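Okay, so here's the structure we're looking at.
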Amino acid sequence: MSEFIHAANIGDVTDPGKMLVEIDGEMIALFHVGGSFYAIDDVCTHDGGPLVDGDLQDYTIACPRHGAKFDIRTGSALSMPAIRPTLSHDVKVEDGSVFVRIRENGSGPNGNPMPSTTPPATTAHTNPPQTAATNTRSNNDATTETTDRPPVEGQSLTSQSLSEDLVRELLKQVKDPELFVNIVDLGLIYDVSFSPSSDESKQLVSIDMTMTSPACPAGPQLIADTKRVVGTHEKVADVEVRIVMEPPWTPDRMTDDARDQLGIF
Ligand code: FES
């Protein structure tokens, strides 16, 4: 186990307050709240955002990039889009100085194993999601091949009339590999549109999809799965997937089903 290393003097950090320190080559966010000091990795587990630059409210720090919240006392992820804790480190105060001992990956206080990750919870339940353009369709002459009829239960989706609702139903088969929630309920699908193909009996489908972060590691897989699933429909000639980052994804785009699956209330 590593040693306690001097990180700051007590007076260096206001109460409440935060500062970035470097300990053993690691960038650590040091917090002073309620007369106590806390230290966590300065890394948001969603996509590496710098936590120390975020808003500090009581014992919660919000990532400045996409808003994930962490408990500064434990490193626990409290809200989407982060689902994993960031590492917290041991802190002691002696003779006016603050000392931090870096924990090894996966170890908890005093070197004990970290508790298993529990699903994040938010403190507020927002309104049902509003996708950016759920009713937008491109203008084209091929809409005779598409309908507004909802998918019919009990019939194979791949042989029913092509429509935006049907495409969204098909896309519920595509799940985020980290969250195990489908990309429709996550609110990642912004738009579905249709255009004619050289084969008059089929349509080209264009899908505007976003990611929970620009560098989402699951991106290539989600794009490939989206093309594969929609391409199974007998009236689809080809599938184009455009990644759009404006407006950026936010957790309030998720449906209540997604919230239930993630344990967010
Ligand atoms: S990088 Fe922190 S919420 Fe996305």
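Readers should treat all values here as calculations from the given coordinates under stated rules, not as data from a laboratory. Every value quoted in this text rests on a predicted model; they were computed, and no experiment measured them. For neighbour counting, all protein chains shown are included, and Cβ atoms are generated from backbone atoms with ideal geometry for every residue, glycine included.
Assuming charge only on the beta carbon of Lys and Arg (+1) and of Asp and Glu (-1), the dipole of segment 180-248 about its Cα centre is about 140 debye to the nearest 20.
When each of CYS63, CYS216 is scored by the number of other beta-carbon atoms lying within 10 Å, the sequence from fewest to most is CYS216, CYS63. Of all beta bridges that DSSP places with both ends in segment 141-262, some 50 percent have antiparallel geometry.
Shown for ASP185, ASP176, ASP42, ASP256: other C-beta atoms within 10 Å of each C-beta, ranked fewest to most, produce the order ASP256, ASP176, ASP42, ASP185.
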